[in-house]
Amino acid sequence: MILLKNITVADKVSDVLIKDAHIASILPAGSAAVEYEADVEVVDCIGKVAVPGFVNMHTHAGMSLMRGIGEDILFHEWLSRIWEVESKIDADYVYHATKLACLEMIKTGTTTFNDHYWHMPMAYKAAQEMGLRSVLAYVICDRNDPQESERQKQQCVRMYELVSSWNDTATFAIAIHAIYSVREEMILWATEFARSRGLRIHIHVSETEKEIEDCMAQHGCSPVEYLDRLGVLGPDVIAAHTLWLSDADVEILGKRGVTCVHNVNSNLKLASGYRFRYNELRDAGANVCLGTDGCASSNNLDMLETMKTAAMIQKAWRKDPSAMPINEVMNMATCNAGKGLGLNIGRIEEGALADILIVDTDNYNFISPGSFEANLVYSAHSDSIESVICNGKFIMRNRVVEGEKQILADARVAVQTLLN
Ligand SMILES: [Zn+2]
């Protein structure tokens, strides 16, 4: 058991008791009776604030060694370059790249990541070793080749069989890369495969204006309408980007209860657009969350940076400072994501899984009469996150992550895979 003593939770100084993977109790400071029991580790948290661990709802962790390989080019040119580079990667590369991504995520306060990448058993191994919670999707991306569809169907079935041996901090999901890179028959197969097994479906949707134009030309409707026509959309779908949306698209995504993931930095950097329709999606009933996307487009996995940019761009393009209030920014990075993934995470409350950031407020960013959340998102950086607990265990203490030096050394070797 861990007792976080004198930690601030929602403006109240409290004692938080963690038992196994869960938050067992949150009591007024000084009233936890277990303090002197032998099996309790007492951590003094005076001046520190507990925040739910962030959830990165769209990433490709294995791209952590691809920073900077496609700068200053448009999305479709960028994607061709990525696919060329990805033809060189192997399982070993993905293992080390994902370990590096996990290191970065822990240091920047992410405790759960929703991943979409190749060689998922290696991502599983890396996430388990690092102690992070993960949702790992088998990627369907046949690039319109029927033979590749068949190969991926068989591999998907084999991968799914591995799940019985997985630890409960990892969840299997199905990724359908996008409507332009997966054959219709395969989209239907993947949807049926996921839905009949209660798995989440993770898909890139309406990321670029070109995707809309191409879909209109090919199917006579928008990507959202096309997916709805195929019966794909539902509350089990996590749609990354949803950037180029008509009013009808917003209504469909809301009605189907889809989780829409805003990846603001990736969209800005690839010049895909910035007018994410946050307020409309929220009001229509969609579940809006945040993600970083992979490091080849967003260049880092920092959720605090994503939260700040998302809010600022939203306020700016709408000329409305109330467009994305601070409490909603926090919810998008935490409890909305828990809902989207169907996991008991994203809240600091009794009974929830213990995924907790301990934020040190003893620095210039927090000495103010303003709200803690605003100071955290708009002023502070992730170096204020002193320690991280995931699934009831410390995975970073006082900014130290076990094995950090070795992870960096191994990543330096693995990056050579991309250069051969
Ligand atoms: Zn992506």
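Find which of Thr169, Tyr138, Ser222 sits farthest along the positive direction of the dipole of region 91-237, computed with +1 on the beta-carbon of Lys and Arg, -1 on that of Asp and Glu, about the Cα centre.
Final value for the positive-end residue is Thr169.
Once you order the gyration tensor axes a ≥ b ≥ c over the Cα atoms, which shape class does region 277-317 get: rounded for a/c under 1.5, otherwise prolate or oblate by comparing a/b with b/c?
prolate
Between the alpha-carbon centers of region 272-328 and region 34-54, tell me the distance in whole angstrom.
Region 272-328 and region 34-54 have Cα centres spaced 32 Å from each other.
First check a/c for the chain, with a ≥ b ≥ c the square roots of the eigenvalues of its C-alpha gyration tensor; if it is under 1.5, answer rounded, and if not, answer prolate when a/b is larger than b/c or oblate otherwise.
On the way: a/c = 1.69, a/b = 1.42, b/c = 1.19.
Prolate, because a/c is 1.5 or more and a/b exceeds b/c.
Could you please put Lys125, Lys339, Lys99 in sequence from largest to smallest accessible area, using a 1.4 Å probe?
From most accessible down to least: Lys339, Lys125, Lys99.
Apply the Karplus curve 6.51 cos²θ - 1.76 cosθ + 1.60, θ = phi - 60°, to the phi angles in region 284-297 and return the couplings in whole Hz, x for Gly and Pro.
7, x, 6, 9, 9, 10, 10, x, 9, 6, x, 5, 6, 10
Non-local amide H neighbours of Thr171 (under 5 Å, H modeled in plane, Pro and chain starts lacking H): which ones?
So Thr171 has HN proximity to Ser134, Val135, Leu136.
Dipole size in debye (nearest 20) for the chain around its Cα centre, Lys and Arg Cβ +1, Asp and Glu Cβ -1?
80 debye
Taking the chain as a Gaussian network, where each spring joins two C-alpha atoms under 10 Å apart, which residue of Arg195, Arg399, Arg81 fluctuates the most?
Taking springs between Cα atoms under 10 Å, the residue moving most is Arg81.
Report relative contact order for the chain in percent, whole number only (criteria: Cα-Cα under 8 Å, sequence separation at least 6).
With pairs under 8 Å counted, the relative contact order is 21 percent.
Considering only protein heavy atoms and a probe of 1.4 Å, how much of the accessible area of the chain is carbon and sulfur, as a whole percent?
51 percent
If you build a Gaussian network model of the chain, linking Cα atoms that sit under 10 Å apart, which residue out of Asp383, Asp410, Asp39 swings the most?
Taking springs between Cα atoms under 10 Å, the residue moving most is Asp39.
Once ligands and nucleic acids are excluded and a 1.4 Å probe is used, how much of Phe394 is accessible, expressed in Å² to the nearest 10?
40 Å²
To the nearest 20 debye, what is the magnitude of the charge dipole of region 57-122 about its Cα centre, counting +1 on the Cβ of each Lys and Arg and -1 on the Cβ of each Asp and Glu?
That gives a dipole near 240 debye.
Just need the relative contact order of region 205-310 here, percent rounded to a whole number, with Cα pairs under 8 Å and 6+ apart.
Averaging sequence separation for qualifying contacts and normalising by length gives 24 percent for region 205-310.
Looking at this model, which pairs from Lys153/Lys405; Lys125/Lys153; Lys19/Lys125 are more than 29 angstrom apart at the alpha-carbon?
Lys153/Lys405
If packing is taken as the average number of other Cβ atoms within 10 Å across a peptide's residues, how do 233-245, 48-60 rank, most packed first?
The most tightly packed comes first, giving 48-60, 233-245.
When DSSP assigns beta bridges and you keep just the ones with both residues in the chain, what percent turn out antiparallel, to the nearest 5?
Counting only bridges with both partners in the chain, antiparallel ones make up about 40 percent.
Which whole-number value in Å² is the accessible area per residue of the chain, probe 1.4 Å?
Solvent-accessible surface per residue comes out at 40 Å².
Suppose a student asked you for the relative contact order of region 267-368, using Cα pairs under 8 Å spaced at least 6 residues apart; what percent would you report?
Numbers: 85 pairs, mean separation 19.0, N = 102.
Reported as a whole number, the value is 19 percent.
Cα to Cα, under 23 Å, and not fewer than 8 places away if on the same chain: which lysines meet these conditions relative to Lys315?
Correct list for Lys315: Lys269.
Could you report the accessible area of Tyr117 in Å², rounded to 10, computed with a 1.4 Å probe on the protein chains as they sit in the structure?
10 Å²
Just check region 216-326 against the gyration tensor rule for me: Cα atoms, a ≥ b ≥ c as the square roots of the eigenvalues, rounded for a/c under 1.5, and otherwise prolate or oblate depending on whether a/b exceeds b/c. Write down the numbers at each step before the final one.
Values: a/c = 1.75, a/b = 1.44, b/c = 1.21.
Judged from the Cα gyration tensor, region 216-326 comes out prolate (a/c at least 1.5, a/b above b/c).
Can you give the accessible area of Leu343 in Å² (nearest 10), computed on protein heavy atoms with a 1.4 Å probe?
40 Å²
Taking only Cα atoms and a 10 Å spring cutoff, compute GNM fluctuations for the chain and point out the largest among Met105, Met324, Met303.
In the Gaussian network model the winner is Met324.
State log₁₀ I(q)/I(0) for region 37-188 at q = 0.11, 0.12, 0.17, 0.19 Å⁻¹ as given by the Debye formula over alpha-carbon point scatterers of equal weight, solvent excluded.
Evaluating at q = 0.11, 0.12, 0.17, 0.19 Å⁻¹ gives log10 I(q)/I(0) of -0.51, -0.59, -1.06, -1.27.
Calculated from DSSP H runs of 4 or more alone, at -39500 (n - 2.57) each and per residue, what is the 222 nm mean residue ellipticity of the chain, nearest 500?
-11000 deg cm²/dmol
Take the alpha carbon atoms of region 194-249, find their center, do the same for region 391-420, and report the distance between the two centers in whole angstrom.
Taking the Cα centre of each part, region 194-249 and region 391-420 sit 35 Å apart.
Any idea which of Leu376, Asn331, Ile358 is furthest toward the positive side of the dipole for region 274-387, if Lys and Arg beta-carbons carry +1 and Asp and Glu beta-carbons -1?
So the residue we want is Asn331.
The values are calculated or read from the model by the stated rules, or taken from the named source; none is laboratory data. Here the structure is a predicted model, which means the values were calculated and not measured. Positions of Cβ are backbone-derived with ideal geometry, glycine not excepted, and every protein chain shown enters the neighbour counts. The accessibility values were calculated without ligands, DNA or RNA, using every heavy atom of the protein model including side chains. Shrake-Rupley method; radii C 1.70, N 1.55, O 1.52, S 1.80 Å.
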